[in-house]
Amino acid sequence: MTTTPDPAPDGFTTRPLTMADAHAVYELYAAQQQHDLGQVEIDEEDIVAEWQRPSYDVPACTVGVFDADGRIVGDAEYLRHERYDAAVHPDFRGRGIGTWLAAWVRATAARAGERIIGMPVPEGSAGDKLLEALGYHVRWTSWVLRLPPGRTIEERPLPAGYALRVATEADQEQVWHTIEDAFLEWSKREKQPFEDFLAEVWGRPGFEQWNVQVVAGPDGAVVGAVFAVNSDPGQGLETFVSRVAVNREHRNLGLAQALLAAAFAAGRERGARTGSLSTDSRTGALSLYEKVGMEPSSVWLHRAIKLG
């Protein structure tokens, strides 16, 4: 049976978060990732984009743990669709914060009707070991892959009748369908609302037109799309491909490779030295990215637990 945890870990206070906490939460995740991975894989804009989705109630779905000086030292965000994120500052580990956050998430997700809840953790990290000790199983594996500095993805000519271009506002709904329909082939969840998709993509802080590129088919309809941004979380500017997808009936034509090459090229033109993306074992795409010259940079395990 899932129960609500005690009011707060000993010596700390807790409260729901608000948009005003986004920068402090980013710094918390950055500190955790730097400690666990030796590099930072998150931008503040990533947090803002998720939190600003019209369907997301930040105070109802988040909690922060604060020390006596009011510094945030732990955080959990129930993101729905059987998923959450959480972080504990490395200086405050071993004091029950991670266990408390896990219990808070289980209680919050159970009240929302979830039957299972999980999150990604770097393999072998403190978070991985804690969740394993709490009975969380590995649901799937994911990888962050990078292009080594100076390496590029070879451009692939498009088949006759196909054209690659920067997306316009008129393409937004087609891009939404293309990306979401492809992701839902292996991700068991409801389709993301169009307004939420817009908030995370076109509404992401700092959005530029080149961030979304598409391939149009012979009839002019969008059949492939890529969403990529330039990011500098501390290791130098790189292009991160957040989402890339091709309609099922237009696959095996080289469209995905063309989209990746275009995204990374656009990023390089704006100062990026390398490029990255993430994929997981549900997609079967790891070998594809390795074939175009990308190399695993970190391994993550999605650990989950059944509720009820």
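Quick notes
- Subset of the stretch 169-227 (residues that are touching a Gly at 6+ places or on another chain (Cβ under 8 Å) and hydroxyl-bearing (Ser, Thr, Tyr)): Thr178
- Answer residue from the stretch 233-254, given it is within 18 Å of Ala265 (Cβ to Cβ) and within 17 Å of the chain's Cα centre (by Cα) and is modelled with the lowest pLDDT among those: Glu238
- Residues in the stretch 248-263 include at least one that is in contact (Cβ under 8 Å) with a residue 40 or more places away in the chain, surrounded by fewer than 17 Cβ atoms within 10 Å (Cβ to Cβ) and within 29 Å of Val138 (Cβ to Cβ).
- Exclusive hit being closer than 30 Å to Ser55 by Cα and touching an Asp or Glu at 6+ places or on another chain (Cβ under 8 Å), set Trp210, Trp202: Trp202
- Restricting attention to the stretch 194-224, the residues that are farther than 20 Å from Asn247 by Cβ and touching a strand residue (DSSP E or B) at 6+ places or on another chain (Cβ under 9 Å) add up to 9.
- Selection within the stretch 6-52 - in a loop (DSSP other than H, G, I, E, B) and either within 19 Å of the chain's Cα centre (by Cα) or crowded, with 18+ Cβ neighbours inside 10 Å (or both): Pro9, Phe12, Leu17, Gly38, Gln39, Val40, Glu41, Ile42, Asp43, Gln52
- Extreme residue, nearest to Arg156 (Cα to Cα), among residues of the stretch 202-256 that are assigned to a loop (DSSP other than H, G, I, E, B) and of a type in the set (Lys, Arg): Arg251
- Taken over the stretch 277-291, the residue count meeting the criterion of being farther than 16 Å from His302 by Cβ and either part of a helix (DSSP H, G or I) or open to solvent by 20 Å² or more (accessible area, probe 1.4 Å) (or both) is 5.
- Ala112 vs. criteria within 23 Å of the chain's Cα centre (by Cα) and either closer than 28 Å to Asp67 by Cα or among the basic types (Lys, Arg) (or both): no
- Just one residue in the set Ile117, Ile72 is touching a helix residue (DSSP H, G or I) at 6+ places or on another chain (Cβ under 8 Å), more than 27 Å from Arg282 (Cα to Cα) and either open to solvent by 30 Å² or more (accessible area, probe 1.4 Å) or aliphatic (A, V, I, L, M) (or both); that residue is Ile72.
- All positions within the stretch 236-247 that are of a type in the set (Gly, Ala, Ser) and free of Cβ contacts under 8 Å to residues at least 60 places away in the same chain: Gly236, Ser242
- Just one of the numbered conditions (1) touching a Cys at 6+ places or on another chain (Cβ under 8 Å); (2) open to solvent by 10 Å² or more (accessible area, probe 1.4 Å) is not true of Asp67: (1).
- Restricting Leu130, Leu134 to those that are in contact with a helix residue (DSSP H, G or I) (Cβ under 7 Å, 6 or more places away or on another chain), open to solvent by 50 Å² or more (accessible area, probe 1.4 Å) and without any contact (Cβ under 8 Å) to a residue 40 or more places away in the chain reduces the list to Leu130.
- Residue count, the stretch 178-210 (criterion: without any contact (Cβ under 8 Å) to a residue 40 or more places away in the chain, open to solvent by 10 Å² or more (accessible area, probe 1.4 Å) and not charged (D, E, K, R)): 6
- Residue list for the stretch 155-167, restricted to those being surrounded by 11 or more Cβ atoms within 10 Å (Cβ to Cβ) and part of a loop (DSSP other than H, G, I, E, B): Glu155, Arg156, Leu158, Pro159, Tyr162, Ala167
- Test: Thr62 is in contact with a strand residue (DSSP E or B) (Cβ under 6 Å, 6 or more places away or on another chain) and among the polar types (S, T, N, Q): yes
The values are calculated or read from the model by the stated rules, or taken from the named source; none is laboratory data. Here the structure is a predicted model, which is why all the values come from computation and not from measurement. Cβ coordinates were reconstructed from backbone atoms using ideal geometry, including for glycine residues, and neighbour counts include every protein chain displayed. Side chains are part of the model used for accessible areas, which takes the heavy atoms of the whole protein and leaves out ligands, DNA and RNA. Shrake-Rupley method; radii C 1.70, N 1.55, O 1.52, S 1.80 Å.
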